[in-house]
Amino acid sequence: MKKILLLAVILLVVIRATPQTQVDSLLRLCVNAPEEQKTELYLELSLKLKDDSAKSNAYAQMAYQLAVRNNQIPLQAKSLYNLGETLFNFSEYQKAKAEYKKALSVYSKIKDTVNMVDCYKAIGLCYYNMDQGDKAITHFIEGMKLCENDTRNTAKLLSNIAMTHNRMRNMTDAISNYRKALSLNASIKNSTGMAINYNGLGEIYKTINRPDSALINYLKAKNLNKKIEFQAIVLSNMAGIYINYADSMNKAIDCLRQSWTMFNQLGLNQYEAEFKQGIGIILFKQGKYQSAIQAFEQSIELNDKFNRGYKIKTTCHNLLSKAHERIGDFETALKHMKLYVQYSDSLAQKERYEQIATLEKQYETEKNENEIARLQAEQQLTLIQLRKNKQLKQLGMATALLLLLLVFFVYMKYLDKIKSNRLLEEKNQLIEQSEQELRLLNASKNKFFSIIAHDLKNPLHSILGYSSLLKERYDLFTENERRKFAGDIHHSTNNIFRLLQNLLEWSKAQTGRLNFSPAVVEYQHILNNSLNILQSLADQKRIEIKAENDPELEIFADPIMIETVLRNLINNAIKFTPEGGQIEVSAKRENGQVLVSVSDTGIGIPEEDTKNLFRIDSKVKRKGTNNEDGSGLGLILCQEFVDKHDGKIWVESTLGKGSAFTFSIPAKAIA
């Protein structure tokens with residue numbers, strides 16, 4: 001009966017749906033509830049009133065006293081933890097840490113490792129906010145020892161360790177721990193956790209002046225977590241990167257505007273001061289000084305409106321001084337420079353802030369003590385009033401209970417229907433996905449058999465035919481004929497070797513045995529390796545190969561894979577370029593990437609074929625200008641390897657004039 005009554009009240013609270021009615025409902029339950037149940041009700045009240053420090057703290061204290069009196073050990077620990085949470089939310093980190101440690105001691109006695117992990121995590125965050133990084137990391141590690149099989153919590157603790165190392169400027173350790181956390185979150189498909197990790201990495205790379213890497217991580221974070229508050233933060237971070245590039249100012253403005261729109265939707269209007277300041281900085285860098293002055297003045301006005309302190313005003317006055325100087329208004333420039341110096345007086349600011357903080361602390365303490373006394377008196381009056389009204393409300397409560405049970409039953413039926421529809425939709429999606437995978441597998445099988453049956457068989461027939469003639473009628477042929485036979489055998493053997501090499505690398509990629517090891521490497525070294533192998537083929541057709549690139553260009557890639565891609569593209573260019581033609585291999589840095597292009601003056605590709613060149617299930621296959629064979633596997637392999645690098649590959653071709661194959665790979669980030 002007690003459980004049914006509790007369910008009815010909880011449902012009633014949900015329907016009435018206001019925080020105050022939820023508190024009133026819990027207070028009504030306290031009227032005649034046994035002491036054992038009052039402990040949990042007080043804990044619930046503490047959570048509902050978490051935005052009111054005094055009330056939340058008072059109910060948590062009352063819950064703890066009851067838990068001690070009734071020997072409710074788990075609830076003692078929970079009450080202490082709630083006290084810590086209340087203090088933490090109001091930045092009382094020293095006091096919060098003490099309560100968390102008391103809770104940890106109780107949880108340790110009953111061996112509740114799950115809640116012990118939460119305590120270690122909370123204590124570590126207190127030390128983090130108190131700028132005691134070593135102690136914070138020690139407690140995060142102690143928490144990790146208790147959750148070896150809890151991937152989600154381990155990832156959170158690793159993220160906290162990375163965040164602490166970042167504050168301590170241990171950037172290498174911070175990056176390492178973020179990447180460990182990222183790997184764990186990826187293994188459980190925790191996109192929210194992955195987004196936080198990518199954003200953390202972006203912050204680190206921004207700090208160590210690697211803007212390209214920072215931007216890549218911010219973009220990954222933005223794509224993984226679509227929550228409006230997270231999107232607003234990431235867009236603001238991205239604007240901070242774009243603002244450093246002269247050709248990306250419009251992107252910076254767009255990111256700032258999107259971010260501000262989201263903050264505005266969340267009701268965080270106080271951040272408009274930062275938004276206006278950011279717009280002003282961009283306009284200043286663009287030389288639009290009048291517009292920049294207007295934006296800085298609006299930022300100062302908003303800063304004063306929301307009482308945001310002196311930091312924003314200091315920056316704005318400094319830039320206003322420079323902007324007025326640029327337009328020749330030296331008198332106004334001097335005025336703002338004086339204001340900048342005034343607000344920059346860090347010693348005076350510190351003394352003022354400390355005085356204000358001391359007064360606020362004293363006021364808050366007195367207010368809390370008075371509020372606790374008032375709250376206890378209010379509680380007694382409320383309990384007396386509730387006893388008087390109890391009999392009058394019993395009939396209404398019974399009716400409400402029956403109605404709520406009926407609503408609950410209908411709602412559960414509705415949920416069952418939604419669940420069934422969702423399961424059916426998921427099964428249909430799985431069937432469709434399986435069909436697509438089967439089509440790709442079938443195409444891969446057909447491609448493999450085609451190569452074995454035709455592309456591998458033809459050169460072998462040539463070798464067998466010529467070797468048989470030489471064996472049986474060697475003396476009947478002239479020296480020139482024998483040389484020609486040897487050359488044809490060598491050509492066929494070389495084709496077989498290249499085909500087998502591509503087959504081996506393709507099979508490794510398909511079975512997941514291909515080792516992907518990206519590193520910062522010299523592009524020129526990879527290009528030289530490819531040209532050394534293929535130069536003789538080009539010489540045979542009197543084809544000139546030109547290479548245009550910065551000899552010091554560096555890329556972040558797997559050298560073996562990129563060499564394979566280059567080798568296949570240059571080999572194809574030689575194959576489809578007539579004798580006396582020309583091939584150009586170029587590479588250039590563009591928007592944090594390197595674009596590598598292999599263009600030729602060959603026969604070109606029909607437009608209808610360019611769409612299917614990189615598809616495993618396509619049948620595009622042509623002879624070279626000297627009747628060279630091709631399997632079509634090389635370009636598919638190129639596509640696989642470029643995808644591994646998060647790059648793209650495409651072709652531009654004009655029939656009869658030549659083709660240009662281009663692919664993108666990450667560039668070495670600018671230090």
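In terms of its Cα atoms, the stretch 117-271 spans 48, 32, 30 Å along the principal axes, sorted from long to short.
Please go through the stretch 169-236 and write out the trypsin sites (Lys or Arg not before Pro) that DSSP classes as loop and that have at most 12 other C-beta atoms within 10 Å.
Values: sites: Arg169, Arg179, Lys180, Lys189, Lys206, Lys220, Lys222, Lys226, Lys227; in loops: Arg169, Lys189, Lys226, Lys227.
When the trypsin sites (Lys or Arg not before Pro) of the stretch 169-236 are filtered for loop state and at most 12 Cβ neighbours within 10 Å, Arg169, Lys189, Lys226, Lys227 remain.
Spin-label model, Gln436 to Leu403: label points 7 Å out along the Cα-to-beta-carbon direction sit 4.9 nm apart.
Database remark: amide H of Ile583 closer than 5 angstrom to the amide H of Glu544, Ile545, Lys546 (H placed geometrically; neighbours at sequence offset of 5 or more, or on other chains; Pro and chain starts carry no H). Full extension of the chain between Lys611 and Ser467 yields a length gain of 47.8 nm, computed as 0.36 nm times the residue separation minus the alpha carbon distance.
What's the FRET efficiency of Ser586 with Tyr411 using the Cβ-Cβ distance as r and R₀ = 51 Å, to the nearest 0.05? About 0.20, to the nearest 0.05.
Per-residue 3J(HN,Hα) values for the stretch 193-200, derived from phi via the Karplus relation 6.51 cos²θ - 1.76 cosθ + 1.60 with θ = phi - 60°, read x, 4, 4, 4, 5, 4, 5, x Hz in sequence order (x marks Gly and Pro).
Full extension of the chain between Lys546 and Arg422 gives 38.8 nm of extra length, using 0.36 nm per residue less the Cα-Cα distance.
Which FRET efficiency value, to the nearest 0.05, is calculated for Gln342 and Asp304 with the Förster distance at 22 angstrom and r the Cβ-Cβ distance? E between Gln342 and Asp304, to the nearest 0.05, is 0.90. Under 5 Å between amide hydrogens, built in the peptide plane, is the criterion, and for Ala667 it picks out Phe556, Gln593, Val594 among residues at least 5 positions away or on other chains. Modelled label positions at Ile560 and Ala186, each set 7 Å beyond Cα in the direction of Cβ, lie 1.9 nm from each other. Distance between the pseudo-spin-label points of Asn515 and Lys388 (7 Å out from Cα toward the beta carbon): 8.4 nm.
Each residue of the stretch 538-547 was assigned a 3J(HN,Hα) from its phi angle through the Karplus curve 6.51 cos²θ - 1.76 cosθ + 1.60 (θ = phi - 60°); the sequence is 5, 5, 4, 9, 6, 9, 8, 10, 9, 10 Hz, with glycine and proline shown as x. P(r) for the stretch 180-272, from all Cα pairs and a bin width of 10 Å, is 18, 44, 30, 7, 0 %, short bins first. Couplings 3J(HN,Hα) for the stretch 276-286, derived from phi with the Karplus relation 6.51 cos²θ - 1.76 cosθ + 1.60 (θ = phi - 60°), are 5, 4, x, 4, x, 4, 5, 4, 5, 5, 7 Hz, where x marks Gly and Pro. The convex hull of the Cα atoms of the stretch 153-192, projected and averaged over all directions, covers 2.4 nm². Charging the Cβ of each Asp and Glu at -1 and of each Lys and Arg at +1, and nothing else, the dipole of the stretch 241-350 about its Cα centre rounds to 160 debye. Taking 25 Å as the limit for the C-alpha separation, the pairs Lys471/Lys541; Lys135/Lys189; Lys101/Lys180; Lys180/Lys251; Lys227/Lys276 exceed it in the case of Lys471/Lys541; Lys135/Lys189; Lys101/Lys180; Lys180/Lys251. Full extension of the segment from His490 to Arg179, taken as 0.36 nm per residue of separation minus the current Cα-Cα distance, would add 107.0 nm.
A short reminder: the numbers here are calculations on the coordinates, not readings from a lab. This structure is a prediction, so every number in the text was calculated from the model and none was measured. Here the Cβ is made from the backbone with ideal geometry for all residues, glycine too, and neighbour counts use every protein chain on show.
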